[in-house]
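A quick write-up on the structure given underneath.
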Amino acid sequence: MRAVVQRVKNASVTVQGRSVGKIEKGLLVFLGISRQDTRQDVLSLAARIAHLRIFADDRDLMNLSVLEIGGAILVVSQFTLYGDCRKGRRPSYADAAAPELAKILYEDFIQAIKAFNIPVASGEFQAMMEVTLSNDGPVTLLLDSKKIF
């Protein structure tokens, strides 16, 4: 499981002109799910993201997590995080999970974040979405559940 995590002042996602998710200060998480991912990947990545200390404290040091600042998380499914661009000019998505598995793990991830009592908004799985954000910093991190431990 891979995630692009962005610290944001606000973020929103729309589908066909209709708002489906919106947050103020917090994290925007683009989530990619591979064929090999399991519930353990969900739990470890959700915990890591919930506890990432990437928000400024009173000394302007990145010492606080989204939990500690009372922020929210917007989760957007993005299978293209498993695009392999090593051959040719068209990415291969062979490592991305099939939609049936990806949807289950995507929804599990949202529930795992909610279990930390973090407000969560989300995109719409398999929809063509427009994501708008105000990146804060900018602070952008790449996480991979296979590289956490």
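The values are calculated or read from the model by the stated rules, or taken from the named source; none is laboratory data. All figures in this text were calculated on a predicted structure; none of them were measured in a lab. Glycine also receives a Cβ, built like all others from the backbone with ideal geometry; neighbour counts cover every protein chain displayed.
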Filtering the range 105-149 down to residues that are closer than 16 Å to PHE55 by Cβ and among the charged types (D, E, K, R) yields ASP136
Answer residue from the range 82-125, given it is touching a Pro at 6+ places or on another chain (Cβ under 7 Å) and assigned to a loop (DSSP other than H, G, I, E, B) and is surrounded by the fewest Cβ atoms within 10 Å (Cβ to Cβ) among those: CYS85
Taking the condition touching a residue at least 24 places away in the same chain (Cβ under 8 Å) and within 15 Å of LEU142 (Cα to Cα), does LEU28 pass? yes
Would you check which residues across the range 1-56 are crowded, with 18+ Cβ neighbours inside 10 Å and of a type in the set (D, E, K, R) and list them? ARG2, ARG7, ASP37, ASP41
Matching residues in the range 1-50 - criterion: being among the polar types (S, T, N, Q) and assigned to a strand (DSSP E or B): GLN6, ASN10, SER12, THR14, SER19, SER34
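Residue-by-condition table, conditions (1) within 19 Å of LYS22 (Cα to Cα); (2) under 16 Å from the mean Cα position of the chain (by Cα):
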residue	(1), (2)
MET62	no, no
ILE73	yes, yes
THR80	no, yes
LYS87	no, no
ARG90	no, no
ILE104	no, yes
ILE113	yes, yes
Kindly list the number of the only condition in (1) in contact (Cβ under 8 Å) with a residue 40 or more places away in the chain; (2) in contact with a helix residue (DSSP H, G or I) (Cβ under 9 Å, 6 or more places away or on another chain); (3) closer than 13 Å to ILE113 by Cα that fails for HIS51. (1)
Any residue that is more than 14 Å from VAL5 (Cβ to Cβ), at pLDDT 95 or above, in contact with a Lys or Arg (Cβ under 7 Å, 6 or more places away or on another chain) and not in a loop (DSSP other than H, G, I, E, B) - is there at least one of those in the range 59-67? yes
